[in-house]
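K.L.:
Mind looking over this structure? Questions follow.
The values are calculated or read from the model by the stated rules, or taken from the named source; none is laboratory data. Everything numeric here is computed off the predicted structure, so don't read it as measured data. We place every Cβ from the backbone using ideal geometry, glycine too, and count neighbours over all the protein chains shown.
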Amino acid sequence: MWNQARQALNESMGRLLSQFANLLPGIVALIVALLVSALVAWVLAVIVRRSLTGIHFDQRLAGWGLPLAEWSPSKSPALLVTRVVSWVVILIGFLIGLASFDAALTSQLVHSLFAYLPNVLGALLVLLVGNIVARFLARSVLIGAVNMNLQYARLLSVGVKWLVIVLAVAMALEPP
Amino acid sequence: MELDSIPEYARERMEQIGAADLVVGILGVQNGQVDPVPMIREALQTLPGVPRTVVIQNNGAPHPASAPHPASDEAQAADHDGAAEPPPFVVSWRLSASDPLTVPVQSTSEAYDSIFAAAEKLGARACCVLASNLESFTSRWISQLTQPLLEMDFDLVTPCYAHHRFEGLINSSIICPLSRALYGKRIENPMGPDLGLSGRLLQKVLGTSPLAKATGNRMHPLVSVAPSAIDGSFRICESHLGTRLYPATDWTNLSNLLAQILGPVFLGMERNAVSWQKTRGSQPVAVFGEPAPISAEVGAVDVHRMIESFQLGTRNLQDIWSLVLPPASLLGLRKLAVLSPAQFRMPDELWVRIVYDFALGHRQRAISRDHLLRAMTPLYLGWVASYALELETAEGSTVEQRPERLALAYEAAKPYLVSRWRWPDRFNP
């Protein structure tokens, strides 16, 4: 009986090692893909950041009244864009690495992501435009209300801003 | 483009007239009670050589004297050669949609452009525009604005008005001292609205001179007249016209007025940046006529409401003001907001820097230009309140000297403007 137990254990260990051995190339490929994508992301990040700094991207956005600074790390939209680019490259590297395990799984995942991408982009665009309009209208209302000597000027301005934002979110969430 | 705004019948009438020595444009809407033509006729009597004059009236319906009657025109021309009484030719059309005293500056720019274009078409040696209330001006105004052009070869005649201490405050607080500091000429009312221009200056303002066409320099007429004259080394003078009836200030609509006046002024600063940066100090211009004393009448100014508006602006508009004003100015404003009305005094240096910083913000488009100019309204009201409290019980000489003190503050702070204009990146609030 002890021999049978030992044999069963050896067999299961063998299967485990066999499966691990089958997965090992995939794991190595994933790690390599992540390392390479991280390197490419770092290089791209440096290029993008220098380019955006060179064209005074942060100052231009502030001048156009776009609200990205509030959502950006260190109030720098250039840094936000740089990090988005880096993480997109790393994500692509991850998906490539994932393909080494099961190409069909990756293919299905990518296919469903890309199928939904236009909806996501459209919603983001609606949110962005809505936010810009909300801030512009809020500022107009604030200045107008102050010039009319209304004590609740700021409340009115915040109300208008959130009304427009809620409308934009509702439009963004609306199914296509 | 300006001739296109003149109706067909008016253009035909001008073609019949052919040429003129003097064109007088009346922007005040005819209400049937005051006919300026007899006043103009009376004024022409004082001018030597009896200039051939065309009067352009702001009127929807053609003036009775403006109807095209070739036979009567010939008779008039014959009389003109021999008789003592010159007939001004009258041409009427709707220059502006409504009374220019109540419409904003920009909508009267088309009226000025039309009159200037008509004067240029007629080859006039001089053009005089009267935009004030018809009931306030006299034949003396017309003489005072045209004599220097026709007899003394001046190119620009600007008005000096007698008014009470709280009238014309936008001009007193911003337009006049800013223009003086920028362009180096002490002109009391650089934006008129009643002006006299020579044919030479008209060409420059209209942008019909070859240089103006080549550079594409074409600005709002009221804003561009004085800078164009100074830049082109034209001869400038002022004439004392007497008392002017200022339109009642609509304090509830002040932000519109500020935006419509200061917008073109700040744009003009951008266009003329090359010339005003080189100017240092200021020189007086020739003055004609006897000055009338500033009226002892104080006028009604609701100081408390203005201080409240200023305080409300300080509480709510800090985020917007911080985009254009440096921390020192913001601190000064916060300190001012907590003062009692008795102590409420805005230093000239603070006010001048605010105006300069807003001009810079307008140029840099820190925020929407319309928002920027409207956000200046509480600051302007703060200045008016401070000014009113200071001069409430002041004597006549103090009141007369007050604008000079402010103008000197503008001149003293000009290096600040120049350095920030040239190197905006060195300091950004």
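K.L.:
Can you pull out the residues in the range B:334-350 that are touching a residue at least 40 places away in the same chain (Cβ under 8 Å), charged (D, E, K, R) and not in a loop (DSSP other than H, G, I, E, B)?
P.N.:
B:ASP348, B:GLU349, listed by residue number.
K.L.:
Could you count how many residues in the range B:278-333 are modelled with pLDDT of 90 or more, within 14 Å of chain A (Cβ to nearest Cβ) and not in a helix (DSSP H, G or I)?
P.N.:
Residues that pass the stated criteria total 4.
K.L.:
While we're here: B:CYS128 versus (1) buried (at least 24 other Cβ atoms within 10 Å of the Cβ); (2) at pLDDT below 90; (3) of a type outside the set (Val, Ile, Thr): which is the lone unmet condition?
P.N.:
Every listed condition holds for B:CYS128 apart from (2).
K.L.:
With respect to A:ALA172, determine if the residue is away from every other protein chain (no Cβ under 14 Å), assigned to a helix (DSSP H, G or I), out of contact with any Leu (no Cβ under 7 Å at 6 or more places or on another chain) and not basic (Lys, Arg).
P.N.:
Criteria not met by A:ALA172.
K.L.:
Of all the residues that make up the range B:237-275, how many are in a helix (DSSP H, G or I) and either over 30 Å from B:GLN147 (Cβ atoms) or of a type in the set (Ser, Thr, Tyr) (or both)?
P.N.:
20
K.L.:
Give me a count of the residues in the range B:131-186 that are of a type in the set (Val, Ile, Thr) and either surrounded by fewer than 20 Cβ atoms within 10 Å (Cβ to Cβ) or free of Cβ contacts under 8 Å to residues at least 60 places away in the same chain (or both).
P.N.:
2
K.L.:
Pull out all pairs, ordered by first then second residue, where Cβ-Cβ is under 6 Å, the residues are six or more apart or on different chains, the first lies in the range B:363-376 and is at the interface with another protein chain (Cβ under 7 Å from one of its Cβ atoms) and surrounded by fewer than 17 Cβ atoms within 10 Å (Cβ to Cβ), and the second is at pLDDT below 90 and not in a loop (DSSP other than H, G, I, E, B).
P.N.:
B:ARG365/A:GLY63
K.L.:
Would you check if B:GLY382 is part of a helix (DSSP H, G or I), away from chain A (no Cβ under 14 Å) and farther than 19 Å from B:VAL265 by Cα?
P.N.:
no
K.L.:
Additional query: Going by the conditions given, is A:SER140 out of contact with any Cys (no Cβ under 8 Å at 6 or more places or on another chain), within 14 Å of chain B (Cβ to nearest Cβ) and polar (S, T, N, Q)?
P.N.:
Taking the combined requirement at face value, the residue satisfies it.
K.L.:
Next up: What's the number of the only condition in (1) in a helix (DSSP H, G or I); (2) surrounded by fewer than 18 Cβ atoms within 10 Å (Cβ to Cβ); (3) within 12 Å of chain B (Cβ to nearest Cβ) that A:LEU150 fails to meet?
P.N.:
(1)
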